[in-house]
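Participant: Sharing a structure, written as structure tokens. Questions coming.
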Amino acid sequence: MPTEPPATPVQPSAPDELRDGPSRASGRRSLWRDLFEVVALAAVIYLLIAFAIQPVHVEGTSMYPGLHNNDLLITEKLSLYFSGPSRGQIVIVNPPIASPNDFIKRVIGLPGQWIRIAPDSQGVGHVYISDTRPTTATGGRQLIEPYINGVWTQQVLCCTAAGTASPALPATGAWAHIPNNDYFVMGDNRNFSEDSRTFGWEPRHGVQAIAILRFWPPTRWAVLPAQTPTFAAVGGVAVALPVRRRLRGRSKRSRPVPS
């Protein structure tokens, strides 16, 4: 009579909570990893906003026609940790005068240079730059500035020792030495800009950021590279005109507020 093979003992199955243990532990690790990535991303964004980039709202028309009232810009601050701005760059500055807002201007004169502002024979203002101490009352390299708004005939006698304009200057304007840690900044809308001709030298620590992009309005979206002015020949003798200060159309940065 054939014999039956011995029965294979049946192992008791593990409880459900034991079978699910590794899967649940893996899910918890994934949750913590996702949470860490979100926190890290938020920290990176915060650091970028705090130390690298910042949105800016333009108020006023002192930088017209390049920038209009209510334009929205992106500015960067990272490069300023390594070097100062270059001539032609549009910068956000904290002016050395009492003001609730920062200003937005263009860098014209660099640290250590000499600057002179005077009208030509037609009464149109021009900027002259010299890298060394000038030996004559006139001369220097005239800046050719394609970005300014039309004819510039106001505040065309500069500069005092503090960098400001004055109707008491000679007809040729006057040379002034920009201190080693300061800049001379101006608005592109020269007849309607409060800038270094009014408040004098802009200290290096007052330069807050450099404008790099206009993102609003969408129809005028544009990258904002430095528009470096070119140099003309040595300037000649200028003709004086009465100077009338017109301090309108400031372009300033305003902080966003809840609507």
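Participant: Let a ≥ b ≥ c be the square roots of the eigenvalues of the Cα gyration tensor of the range 52-253; is it rounded (a/c under 1.5), or, if not, prolate (a/b larger than b/c) or oblate?
Facilitator: Taking the square roots of the gyration eigenvalues as a ≥ b ≥ c, the range 52-253 is prolate.
Participant: Give me Ile90, Ile97, Ile178, Ile115 ranked fewest to most by other Cβ atoms within 10 Å of their Cβ, as a rough exposure proxy.
Facilitator: Ile97, Ile178, Ile115, Ile90
Participant: Show the residues, 5+ positions off or on another chain, whose built amide H is closer than 5 Å to the amide H of Gly112.
Facilitator: Correct list: Ile178, Asn180, Asp182.
Participant: Okay, next question. Under the Karplus relation 6.51 cos²θ - 1.76 cosθ + 1.60, θ = phi - 60°, what is the ordered set of whole-Hz ³J(HN,Hα) values for the range 170-180, x standing for Gly and Pro?
Facilitator: Karplus values, whole Hz, x for Gly and Pro: x, 4, 8, x, 9, 6, 9, 8, 6, x, 5.
Participant: Let me ask something additional. Taking 0.36 nm per intervening residue step and subtracting the Cα-Cα distance, what contour gain separates Thr160 from Ser26 on full extension?
Facilitator: Extending this stretch completely gives an extra 41.0 nm.
Participant: Let me ask another. Could you give the distance between the Cα centres of the range 94-119 and the range 169-217, to the whole Å?
Facilitator: The range 94-119 and the range 169-217 have Cα centres separated by 2 Å.
Participant: How do Trp216, Trp32 line up, fewest other C-beta atoms within 10 Å first?
Facilitator: Trp32, Trp216
Every number here is computed from the coordinates shown, using simple stated rules; none is lab data. The shown structure was predicted, so the numbers you read here are calculated from the model rather than taken from an experiment. All Cβ positions, even for glycine, are placed from backbone atoms using ideal geometry, and neighbour counts span all protein chains on display.
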